[in-house]
Structure formats: structure tokens, C-alpha cells
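Please treat every number below as a calculation from the coordinates, not as lab data. Not measured: the values here are computed from a predicted model. Methodologically, a virtual Cβ is constructed for each residue, glycine included, from the backbone with ideal geometry; neighbour enumeration extends over all protein chains shown.
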Amino acid sequence: MSSIRRDMLEGREIPGCEECRVMERHGKISGRQKQLLKVGVVTDEFTKTMLSSPWLSKWKESQSSQGHTDQLPQDWQIDLGNFCNSACIFCNPYYSSKLATEFKKIGFIDDLPPRAWVDDPDLMRSFLQTLESSPNIAYLHFIGGETLITPAFRTILKKLVDTGLCSRITVGFTTNLTTWDQEIVDLLKKFHQINLGMSIECFHPLNDYVRFGSQIGTVQKLAKDWIEVARQHDWLIQIRITPTLLSIWHLDTVYQFAIEQGIAVESCNFLNEPAFLRPSVLPAVWRQRVQEKLERWIRSQSTQTSISPVVNIRNPNLANQQVIEDAASYVSYLQEQPDESDRLPDLIKYLHVLEHNRKNSILDYLPEYEELFRSSGY
């Protein structure tokens, strides 16, 4: 990381930062802004808050050491592999074993992704030893597949409980709301704090098509069950979304649910891959229809928002404002992103192959798009 730190310290743009720049351009809070907040830096008052940050001395040391540092990580992101019971239409085989099996069957890929490191007993043992011996761990965020059905997640939680590390560590993870594991829930209750994400694209049967393997009735029930547990134990909870040109039509249902429950909505970025599923693939007239639908929902909210955008999206007191701002970011995206409607034929080909295998049709879930898709070769 030293070369990246050096580039940052010298003011050079990092190519990997482009997704955050796009988010900020449209008023969506980016990962960059959220991570800066953890060290006391606010982008609108960058110089002032950086100089007052408790991390300033470490940054100065890194600057004088050509980007090197002796600071050990405190905020870990742990990829558990692709063990997953869903095959989301926007996902890829490296994040879903179910999708990997399907893609191999229909010829989209030749080989399955390699087995996850957590399946190797020696690597797993080494990792657990590293956890136990690492000082100052503050946050562990788990990604990869569906966390609740990944055996390694349970193993790691038990280790953290057995060693007592749970009393000072915050655990973050996301569930796709297809399953419930009471033993894991009971383990989570022992931790200092839990940051829970719930993956939902819309509160509509279309969610079953987009997040193939889910059932909207189960999704709705488990969402409410998790919210109940979270409130009992003062956990932080958010809805995690990955809007595509399909689900964006019913995206307002997610925002409405979030407002009713008083929880935030977030996404890692605006969808980049697969390119043919980006909302920007919608032709201008369809963009306008979705935009107007979102704008109607925003106008229906009487909440007065402040001038300053909500960066700390984990603050439950600002959840309603954050939700409205997130909706507005997609309005901006639809207004300003370059037209990519030439990718529609690629989308139709992709849907045809998947639907032939899955025995379903997008038009049964999204009849509003029939004119668009028929004119594009569906």
C-alpha cells in the first residue's frame, strides 16, 4: 500500500477511486467520505478537520517514510468466499457459488472459481491465531456470499467470543434475508456492536427475479425480524441496495420502507458491472419516467432536510434525511450520466439465456418495461 499512500499524499489521483468520485458528483455519500469520517476528516472542511484529526501524526510519519507505516490495521474487511444460496442477476461467480454453478452449466464460464481460503483448515487456523494476537482491532466487516450460511462465519464468531475479543470488537455483515440462524444471532448479541446490512432491491415480487433464490414474503418477514432484534440490542442497521435498470423502477418502495422503519439506505457505489444492467442503459424517455417516479416520492416526504449532506449514515437520528438524499442521488444520476442505451441488446441476450434456464420472464415481474424490451428484441 505504500505506493498508493505516497500518491495520495502527493495529491495524485488514484484510478481505483473513480467510483467514489462518481458517487460524490451525484450527491451520494461515497466510501471515501465514510472512511474519512472514521478518522475525523470531513471533506467540506478538509484542511481544518485533517489538522485536528488524532491520526495526523501517523500521516506525517507515513509522508516522511515514502508511504510506509508501522500502524497495524484496525478496520478489517474479511472475504469469506462465494458460498451463497442466491443467484442475483447483477452478481458474478466470485461472489455466489449458486451463480457460478449456473454460469458453468449455461456456458458463461468454463471453470468454477477456486475454493475459498476459509475451506483450508491450516489457513483458517492461522487466521484465527492472527486475530487473537492482533492488538487494537476495532471493526471486522465480513463479505462474500451469504454470510449466515458460511460455516467460517460461525467459527470466527465463536473464536472471538471464546477469547473475549467480542467485548471490544464491532462486527459488520450483510444478509440476503433468505435464512435465519438463531445460534448466530445469539453469538452476535455478545459483541460490542453489530452493523447489520440487509440486501433488498425492492419490496415487490420483482425482488425475486433480480435476487433469484429469494421470496418476497420471506424477505419482508426476516427484514422485520432483524429490525426487531437490532432495536432490542441497539445495533446499527441499514438496507443495502444495488439498483439496476430493472429494480430502479420500484426503488421507491425501498425508500418508503426505510422511512417507515427509520433506517438508512446505502450502496457501495453506482453499479459498474455488468455494464448492460446500469440504470444509465435506459433510453432518455424511460429515464425520465423513472426520474419522475422518484421525484414524486421525494416530494411526498414532508421532512425538511438540512443544507449539509448526511455523511454519517449510521446516525439513526439522520436516517430520514439520508434516505431522501440517496433517492435524490439517483435522480441526479439519471439526469446526468451519459447515455448507454446501445447496451440494451446485450442485456436482452443475457436475460434470454438466464430465463431459459430459470424458467421465468422479466415481463411477468416488470410489465411496465414490455414496450422497451420488445422494441429491443425481447
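What the table below lists for this structure:
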read-out: Residue-averaged 222 nm ellipticity for the chain, from DSSP H runs of 4+ at -39500 (n - 2.57), nearest 500; value: -13500 deg cm²/dmol
read-out: Least to most buried among 43, 253 (fewest other Cβ within 10 Å first); value: 43, 253
read-out: Dipole of segment 57-211 [Lys/Arg +1, Asp/Glu -1 at C-beta], most positive-end residue of 118, 64, 149; value: 64
read-out: Positive-end residue of 222, 209, 166, charge dipole of segment 159-231 with Cβ unit charges; value: 166
read-out: FRET E, pair residue 22, residue 46, Förster distance 25 Å, beta-carbon r, rounded to 0.05; value: 0.80
read-out: Electrostatic dipole magnitude of segment 2-64 [Cβ: Lys, Arg +1; Asp, Glu -1; Cα centre; debye, to 20]; value: 160 debye
read-out: Proximal lysines to residue 293, defined as alpha-carbon separation beneath 23 angstrom and excluding residues fewer than eight positions away on the same chain; value: 28
read-out: Cysteines without a disulfide-compatible neighbour (Cβ-Cβ under 4.7 Å), the chain; value: 17, 20, 84, 166, 202, 268
read-out: Potential lengthening between residue 119 and residue 183 on full extension [0.36 nm per residue; Cα-Cα distance subtracted]; value: 20.9 nm
read-out: Exposure proxy order (Cβ contacts within 10 Å, fewest to most) of 141, 356, 250; value: 356, 141, 250
read-out: Charge-dipole axis of segment 32-186 as Lys and Arg at +1 and Asp and Glu at -1 on Cβ define it, positive-most pick from 51, 77, 107; value: 51
read-out: Calculated FRET value between residue 60 and residue 13, using beta carbons and R₀ = 22 Å, to 0.05; value: 0.50
read-out: Distance between modelled label sites at residue 3 and residue 141, nm, 7 Å Cα→Cβ extension; value: 2.5 nm
read-out: Backbone N under 13 Å from the residue 268 label point (7 Å along Cα→Cβ), restricted to segment 96-114; value: 96
read-out: Residues 42, 210, sorted so that the one with the fewest Cβ neighbours within 10 Å comes first; value: 42, 210
read-out: Euclidean distance of C-alpha centroids, segment 216-254 and segment 29-84, integer Å; value: 29 Å
read-out: FRET efficiency estimate (nearest 0.05) - Cβ-Cβ, residue 110 to residue 168, R0 45 angstrom; value: 0.50
